[in-house]
Amino acid sequence: MPKPPSWLAEIGLVTFDCFGTLLDWRAALLTQNIDDAGFARFEKASLDVQLSDAWTPYRDVLQAGIKAAEPSISPARAGLFARDFGRLCPPFADARGSLRLLRDTVKVGLITNCDFSHGMDVTAALGTGFDVLVVAEELRAYKPTARAWDAGVRSVIARTAVTRDAWLHVSAWDHYDLGPAKERGLRTCFIERPGGTPKAVADLHVANLNELVDQIVDAREGPTVYMVRAECKDDYTAVAFRSWMLDEHLADVRACPGVREARLVSLGPRSYISLYTFATRLDYLGYDTDYAPALQQRGKERFGERVAFDRSVGRVQGIR
């Protein structure tokens, strides 16, 4: 893997274009038996509608595109295609697992040309939530227009409090995404996808999403998992310990800065392991210095020698 650029360590938010970058929109057209020439007609007709001054819902954009690609398509089939587009586009093979690992390291978002309903379908298809989701229906404009990008940047900053130099936008498309994002002061990453821009202008080029996520994880030294194994002396203590963890302690841990996840796993009637995932090793070190001593003292005061603890810490790598 190439050495990640030093500025990747400062990235706290990664946003993605959706169709053509995370989901394969060309596969959706193949379900309608569209050939390469039809792909080009679909893209041109869709873009023409998106660039018009009047707002048009994405379903209507899709219907215009599919009718241009296949003029003989029936109105009913065109309508179903437009309605189900978010479900017809499969995720690229590297998308689901890499996004899960990326969300343990940084905030993750989507800026996508679609309606709210398609956005929900996309979220379900990718199998993960997003820290911020901006759709064209919210902006009342489509990428690559300036009004869409200006409104989109304002919306993301307002909802995440991210600075532009800590924000990376990822796409396979120069015209729709990478050029406008770069003009607005964002870091950009080109990812190779079928039909994408051959020579995109971007700060970083990657062959696939796995490569990008590995570079971010390496640059930010994360995510880091802190593991605490607890051995209870008797059944009564085990029940009390489990209740305390679920009702109080895990909530206190989740409230600490940098914690992405905190959960309890049962290893047996009297054995448990707590797994605390931090975005980076620095976040873990901050927790270990500023929060862990007080939290550990509460456990000691409550259970004394009735619970024995064994603690360890390690990096999460390659989980997809």
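The values are calculated or read from the model by the stated rules, or taken from the named source; none is laboratory data. Note that the structure is predicted; figures quoted are calculated from it, not measured. Positions of Cβ are backbone-derived with ideal geometry, glycine not excepted, and every protein chain shown enters the neighbour counts.
Of note:
- Neighbours by Cβ (under 7 Å, 6+ apart or cross-chain): first from segment 1-21, touching a residue at least 40 places away in the same chain (Cβ under 8 Å); second part of a loop (DSSP other than H, G, I, E, B) and surrounded by fewer than 19 Cβ atoms within 10 Å (Cβ to Cβ): Gly20/Gly195; Gly20/Gly196
- Taking segment 198-258 as the region of interest, the helices (runs of 4 or more DSSP H) fully inside it that hold 3 or more residues being touching a residue at least 60 places away in the same chain (Cβ under 8 Å) and of a type outside the set (Asp, Glu) are 209-220, 235-244.
- Exactly one residue out of Ala27, Ala54 is closer than 21 Å to Ala172 by Cα and either in a loop (DSSP other than H, G, I, E, B) or touching a Cys at 6+ places or on another chain (Cβ under 7 Å) (or both), and it is Ala27.
- Scanning segment 261-283 for residues that are among the charged types (D, E, K, R) and in a loop (DSSP other than H, G, I, E, B) yields a single hit, Arg270.
- Of all positions in segment 261-274, none carries a residue that is closer than 18 Å to Lys233 by Cβ, free of Cβ contacts under 8 Å to residues at least 24 places away in the same chain and of a type in the set (Lys, Arg).
- Residues satisfying the criterion are absent from segment 284-306 (criterion: touching a helix residue (DSSP H, G or I) at 6+ places or on another chain (Cβ under 7 Å) and not in a helix (DSSP H, G or I)).
- Residue within segment 29-48 that is surrounded by fewer than 19 Cβ atoms within 10 Å (Cβ to Cβ) and closer than 19 Å to Ala93 by Cβ present: yes
- Leading residue by the ranking (surrounded by the fewest Cβ atoms within 10 Å (Cβ to Cβ)) among those in segment 136-159 that are within 14 Å of Cys18 (Cβ to Cβ) and in contact (Cβ under 8 Å) with a residue 60 or more places away in the chain: Glu137
- Positions within segment 51-62 being free of Cβ contacts under 8 Å to residues at least 60 places away in the same chain and either assigned by TED's automatic domain parsing to the domain that holds Phe16 or under 28 Å from the mean Cα position of the chain (by Cα) (or both), in sequence order: Thr56, Arg59, Asp60, Leu62
- The listed residue being surrounded by 19 or more Cβ atoms within 10 Å (Cβ to Cβ) and touching a residue at least 40 places away in the same chain (Cβ under 8 Å), out of Gly109, Gly97: Gly109
- Lone unmet requirement of (1) of a type in the set (Val, Ile, Thr); (2) in a helix (DSSP H, G or I); (3) in the same structural domain as Met120 (by TED's automatic domain parsing) for Ile66: (3)
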